[in-house]
Amino acid sequence: MPIKSYKEAINEAIAQEMKRDENVILIGEDVAGGAGTNGEQDAWGGVMGVTKGLLSQFGRERIIDTPITETAILGMASGAALTGLRPIAELMFVDFMGVCFDQILNQTAKFRYMFGGKAITPLTIRTMYGGGVRAASQHSQCLYPIFTHVPGIKVVIPSGPYDAKGLLINSIRDNDPVIFLEHKAMYDLTGDVPDESYVIPFGEANFTREGKDITLIGMGKTVSLCNNAADLLKKDGVHATVLDLRTLSPLDEDSILESAEETGRIIIVDESSPRCNIATDISALICDKSFSYLKAPIKMISPPHTPVPFSPFLEDIYMPDEQAIISTAKKILN
Amino acid sequence: MQLNREDLIKAYKGMSLIREFDEAVHEEFATGSLPGFVHLYVGEEASAMGVCMNLDDIDTIASNHRGHGHCIAKGCDTTTMMKELYGKKDGICGGKGGSMHIADLSKGMLGANGIVGGGTPLICGAALTYKTKKMPNVSVGFFGDGASNQGSIAESMNMASVLNLPAVFVCEDNGFAESTGSSYGVAGSLVERGNAFGLRTAKVDGTDFFAVYETAKEIIDGSRNGEGPALIHVKTNRVYGHFEGDAITYRTDEETEDIKMNKDPLKIFKAKVTEAGLLEASQLEEIDKESNKKIKQAIIESKEADFPKEADLLTDVYISY
Amino acid sequence: MSDKFLPITMPKWGLTMKEGAIVSWLKEVGDEIKKGDNLVEIETEKVVNEFESPESGILLKKIAEENIKLNVGSLIGVLGEKNVDDNSINQFVKEFQSNFQNQNTSEEDDIDLNKKIMIKNLEINYMQIGENKEKNILFIHGFGGDLNNWVFNQESLSSTFNTYALDLPGHGLSHKVIEEGSIFYLASIISEFCKELSLNNLTLVGHSLGAGIAICANENIQNLIERFILISPIGLNKEINKSYLENFIIADSRRDLKKVLGELYFDPSVITRDMINEVLKIKRIDNSVNALSLIKDEIINEGNQKNNYIKKIEELEIPVNIIIGSNDKIIPNIDASQLKKINYFKLENCGHMPHIEKSKEVNEIILTK
């Protein structure tokens, strides 16, 4: 199977869907770049180059560079979705959601319900999240628990190139609003990605390792931390199951509980801030539904309750890592 | 006046229905039978009708919390609207939206909106759809003088201008942003704000249906013909408070009387058409009676109608999950 | 000195295998091992299977521990003669391992070995292992399969044959949109493929649906084919497990697919998580399910097999070998013992996938019959 990067997989998903359905358009700041300038058009292709090359395929009618105006971008995309287009809106950094959150929270998420089941809002919001690249507090957050909290939107968080393409194609085809989270440190990660279009269903977590001793639950970039930790633990004779959530809303509760009941020991690795994050949410779910199977307290590995620090020395301490998983695992195995 | 008889009757029917609807809501609310909040449009009817008579079912509008008038002007059914206010199952939104979220996409009504300034970016979206699909349609966003200071309005105007969208922004300036006068809160000139973004603009007396209609016609036709976005500043008045329950102590009784006596769009319309011999007073009275009957019937039906079932609580959060 | 010792190394099953792990040792230190004995159970990304000892001798030392991933070619055990002292053994191990570490891992591991060819306007994916031999072999997988089904056969036979394995239209990495799913149409793809690549002195190995396709292709490429190997073939009896095909098409989750795939094997524990994921990945490609449905309708008619190839087979003038598993749940009760002029092999403790479950025996038949 051809090998592609996370970035290429996302680009391919967008290009293939735009080819397949003329209603799909891409809107955002510098998604091509160069608008209104004398220099190169498609100058950026998104700040990390993810959408480069789409302008020449689809033109400025469907690849729309906007001013820096998040409320109008998200609102316009939402209104377009309501009236027959299938837009992909880019929120450049998830940290900027504060600027436009009303359009997501009170408008997009609620149309279908508020309007009595008559509205269809097939909007996909792509956004970059995550730390570890020294981008400091306003450009390194995760924030996906906030979206997960809101009824009416779906939250998708792929852990690698294969998942990214299949989940993004599904996000675009899905008729509900979807937030698609891309970890900014993963763009060059490579893996097998078919050339053809394919769809990965929502609400299906993926088991990337299987073992009876302990369950490691990850999402997005923390999945590879869990995989690495699992491989290291195996050398010490500890067999870990790793569960990649893939989508936070809908959540694959069945797989979570199935594995929790099998191993009785669970560690959830969540890069978002610790209060009210996904780890706490899943922890409560397991305690509620599978309490009698627990052999140890459920452990949550998240950064501390601070903004993301700038200094590399501090940020490296801030971010969850394999060692934290391994030492936690050893604690709950004894 | 370029309107024929049929259109004049249509115009008055619309305004009359809006008046009857919100007056009835005013009365019903006072009895305690209506749940939640309502924001009444009495006194502003000419604005909604004057603009919406230039739109068809494919054109879209987005409205605000004071949305009953826009809904009715755009063709929403008043009986199911009333049921919605009562939270009944066969309300226009299944009882799940309420007064501030009334919508009917089949009539191009993208919803009343509980967030001040929340609907305006949406009409840029509809306008983008029309532009992308090369449709000759227009999207109109109604918002108030209070909303005019929201960042979303400025962003929407700029975006519409940058992308040359067929979007028309209608600011219904009724002089008050909740309890704060617009002379205090709105800095500079609303029309200048539109000009600043390169929009075609107009200012119009919102008590005069004909003035609104003709101004809107010119503006909307321009947008249909590729001239891009525009802003209409409609000066109008609301008879009642910001919301029902508002004691309106921030406005003097004289001002309120003046609005009712001298600035009533229905009275002004009646005077104009009867003086010009276009319609008979009796015809207009007949229309009023009809509207009154219709709304009274709507209230009876609404009170009798069923609430949604418990299972309806969980439906339509998503299309599929 | 080292003649006394026989290194047992991590085998390479299929070209893409890079590493494996011991699941469990099946023999103890001190046991007498005969070449071909099941020595150890190995798990790779794709499959769990027993590894037969390539040598005879006493098992002197187990090097590999259970559940540790090792690269292909790593030392996993040492065979030798009785009464050898530990120091000598350890010396040998040390030498071997330091030599092994000094070898560069081959760059070829990272190259995508799939090749593409246009046949009748469809892009067909195939893999060729082995060249410059006199004889050719083409492996044709069955319904819902792909060329990786031949992972235990293709490379082993590549020292004797130029081996080819392809993905049928609608399967694997081949083009998914097909206008019709008839066996005749699929056979025409096969014949064109063989002609394009000039596969003369050809042994056609077909599994299940692939066997039916192989038989039907014969008409057009008689001059090329010299032998047939038909594994669990369609077209010999009426019975077929209709719900297997239907459930395979519908299954869209790991759980559901695991259940379905379990029916293929005598021992379902051979199925790994990765095997299921690989099948799911292909099924989720756009138009894949459509293609499978079209083909299914050409295999089954009202609960029975649609096609009967007994006559076609009996009319063949070249050697035909038919291999079935005794516990085939997909095409139960195939009985080719009545067919004239064919070699018939019924393998015990084997399901619908003899080429995977009993690869050693199947490869033996391919080599000698």
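Every number here is computed from the coordinates shown, using simple stated rules; none is lab data. Because the structure is predicted, anything quoted here is derived from the model rather than measured. Neighbour counts are summed over all protein chains in view; Cβ atoms, including those assigned to glycine, are modelled from backbone coordinates with ideal geometry.
Largest first and in whole Å, give the semi-axes of chain C's equivalent ellipsoid, each being the square root of 5 times a Cα gyration tensor eigenvalue. Don't jump to the answer; show the numbers that get you there.
Working: eigenvalues 287, 92, 87 Å².
After scaling each eigenvalue by five and taking roots: 38, 21, 21 Å.
Which FRET efficiency, nearest 0.05, do C:ASN132 and B:SER320 yield, Cβ-Cβ r, R0 60 Å? It would help to have the intermediate numbers written out before the result.
Working: r = 56 Å, r/R0 = 0.93.
After rounding to 0.05, the efficiency reads 0.60.
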- Message: Could you sort the peptides C:314-325, A:160-171 by per-residue average Cβ neighbour count (10 Å cutoff), highest mean leading?
- Response: A:160-171, C:314-325
- Item | Check: the protein assembly as shown dipole with +1 on Lys, Arg Cβ and -1 on Asp, Glu Cβ, in debye | 920
- Message: Quick check on my link table: of A:LYS118/B:LYS134; A:LYS154/C:LYS242; A:LYS289/B:LYS83; A:LYS110/B:LYS134; C:LYS62/C:LYS115, which ones sit more than 32 Å apart, alpha carbon to alpha carbon?
- Response: A:LYS154/C:LYS242; A:LYS289/B:LYS83; C:LYS62/C:LYS115
- Note on the structure: Note: segment A:3-192, point scatterers on Cα, Debye, no solvent; log10 I/I(0) at q = 0.15 Å⁻¹ equals -0.84
- Query: For segment C:115-159, what is the relative contact order in percent, using Cα pairs closer than 8 Å and at least 6 residues apart in sequence?
  - Reply: 31
- Find the centroid of the Cα atoms in segment B:172-228 and in segment A:282-334, then give the distance between the two in whole Å. 56
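Take the alpha carbon atoms of chain A, find their radius of gyration, then divide it by 2.2 N^0.38 Å using N residues; give the quotient. Before the final figure, lay out each step's value.
Values: Rg = 19.9 Å, N = 334, 2.2 N^0.38 = 20.0 Å.
Chain A yields a ratio of 1.00.
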- Query: Relative contact order for chain B: what is it in percent, counting Cα pairs under 8 Å that are at least 6 residues apart?
  - Reply: 23
- Query: Most exposed first by the Cβ proxy, i.e. fewest other Cβ within 10 Å, how do A:SER273, C:SER53, C:SER293, C:SER98 rank?
  - Reply: C:SER98, C:SER293, A:SER273, C:SER53
- For C:LYS369 and C:ASN71, extending 7 Å from Cα along the Cα-Cβ vector and measuring point to point gives, in nm, a value of 3.9
- Return the whole-Å distance between the Cα centroid of segment B:274-321 and the Cα centroid of segment C:302-369. 75
- Using the Kyte-Doolittle scale, which helices in chain B average at least 1.6 and also have C-alpha atoms spread 24 Å or more along the helix axis, with helices defined as whole DSSP H runs? none
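Local charge sum around B:VAL138 (other residues, Cβ-Cβ under 10 Å, Lys/Arg +1, Asp/Glu -1)?
Details: positive: B:ARG224; negative: B:ASP56, B:ASP59, B:ASP221.
Here the count lands on -2.
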- Query: Once phi is turned into θ = phi - 60°, what whole-Hz ³J(HN,Hα) does the Karplus curve with 6.51, -1.76 and 1.60 give for every residue of segment C:344-350, x standing for Gly and Pro?
  - Reply: 10, 10, 10, 8, 6, 6, 9
- Query: Under the definition of partner shielding as Cβ atoms of other protein chains within 10 Å of a residue Cβ, what is the mean value for peptide B:112-121?
  - Reply: 5
- Message: Cut-off 10 angstrom, C-alpha nodes, Gaussian network model of chain C. Which of C:THR203, C:THR272, C:THR163 fluctuates the most?
- Response: C:THR272
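Roughly what % of DSSP beta bridges within the protein assembly as shown run antiparallel, to the nearest 5? Provide the component values of the computation, followed by the final result.
On the way: 46 of 128 bridges.
Of the beta bridges lying entirely in the protein assembly as shown, close to 35 percent run antiparallel.
Would you work out if segment C:2-104 is rounded, prolate or oblate? Take a ≥ b ≥ c from the square roots of the eigenvalues of the alpha-carbon gyration tensor; rounded if a/c is under 1.5, else prolate when a/b is larger than b/c, oblate otherwise.
oblate
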- Query: Can you tell which of B:THR215, B:GLN297, B:THR236 lies farthest toward the positive end of the dipole of segment B:211-321, using +1 and -1 charges on the Cβ of basic and acidic side chains (Lys, Arg; Asp, Glu)?
  - Reply: B:THR215
- Message: At a 10 angstrom cut-off on C-beta neighbours, averaged per residue, how do the peptides C:356-363, B:112-119, A:240-247 rank from highest to lowest?
- Response: A:240-247, B:112-119, C:356-363
- Separation of the C:LYS34 and B:SER282 label points, Cα + 7 Å toward Cβ, nm: 11.9
- Note on the structure: Shape call for segment A:138-186, from the Cα gyration tensor axes a ≥ b ≥ c (a/c under 1.5 means rounded, otherwise prolate when a/b beats b/c, else oblate), comes out oblate
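Based solely on its DSSP helices, what 222 nm [θ] is calculated for the protein assembly as shown when runs of n ≥ 4 H residues each add -39,500 (n - 2.57) and the sum is averaged over all residues, nearest 500 deg cm²/dmol? Please report the intermediate quantities before stating the final value.
On the way: 35 runs with 373 residues, N = 1024.
So the helix-based figure for the protein assembly as shown works out to -11000 deg cm²/dmol.
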- Any idea which of A:LEU333, A:PRO312, A:ASN206 is furthest toward the positive side of the dipole for segment A:206-333, if Lys and Arg beta-carbons carry +1 and Asp and Glu beta-carbons -1? A:LEU333
- Query: On average, how many beta carbons from a partner chain sit within 10 Å of the beta carbon of a residue in B:87-95?
  - Reply: 2
- Averaged over residues of B:97-106, the number of beta carbons from other chains lying within 10 Å of each residue's Cβ is 4
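Could you work out the per residue convex hull volume over the alpha carbons of segment A:24-63, in cubic angstrom?
Numbers: hull volume 2.5 nm³, N = 40.
Per-residue hull volume (Cα only) is 63 Å³.
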- Query: If the cut-off is a Cα-Cα distance under 15 Å, which aspartates and glutamates reach C:LYS283, setting aside same-chain residues fewer than 8 apart in sequence?
  - Reply: A:ASP163, A:ASP195, A:GLU196, C:ASP146, C:ASP167, C:GLU246, C:ASP252, C:ASP256, C:ASP274
- Message: Looking at the calculated P(r) for segment A:177-264, what percent of the C-alpha pair distances fall above 19 Å?
- Response: 46
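Under unit Cβ charges (Lys, Arg +1; Asp, Glu -1), what dipole magnitude, rounded to 20 debye, does segment B:5-305 have relative to its Cα centre?
On the way: 32 positive and 44 negative charges, 192 e Å.
Roughly 920 debye, rounded to the nearest 20.
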- Task: Only loop residues by DSSP count here, and only those with at most 16 other Cβ atoms within 10 Å; note down the GluC sites (Glu not before Pro) in segment B:153-185 that meet that.
- Result: B:GLU178
- Between segment A:138-153 and segment C:177-233, what's the alpha-carbon centroid distance in Å? 54
- Using the 2.2 N^0.38 Å rule of thumb for compact globular proteins, work out how the protein assembly as shown stacks up: its C-alpha Rg over that value, please. 1.17
- Task: Return, ordered by residue number, the residues of segment B:42-81 whose backbone nitrogen is under 16 Å from a label point located 7 Å along Cα→Cβ of B:ASP221.
- Result: B:51-56
- Going residue by residue through segment C:80-86, the Karplus relation 6.51 cos²θ - 1.76 cosθ + 1.60 with θ = phi - 60° gives ³J(HN,Hα) values, rounded to whole Hz and with x marking Gly or Pro, of x, 8, 5, 6, 9, 7, 4
- Task: Let me know the volume per residue of the alpha-carbon convex hull for chain B, in Å³.
- Result: 132
- Item | 14 Å Cα-Cα reach of C:LYS94 towards aspartates and glutamates, excluding residues that sit fewer than 8 places from it in its own chain | C:ASP86
- Evaluate the relative contact order of chain C (contact order divided by residue number), counting alpha-carbon pairs under 8 angstrom at least 6 apart; express in whole percent. 14
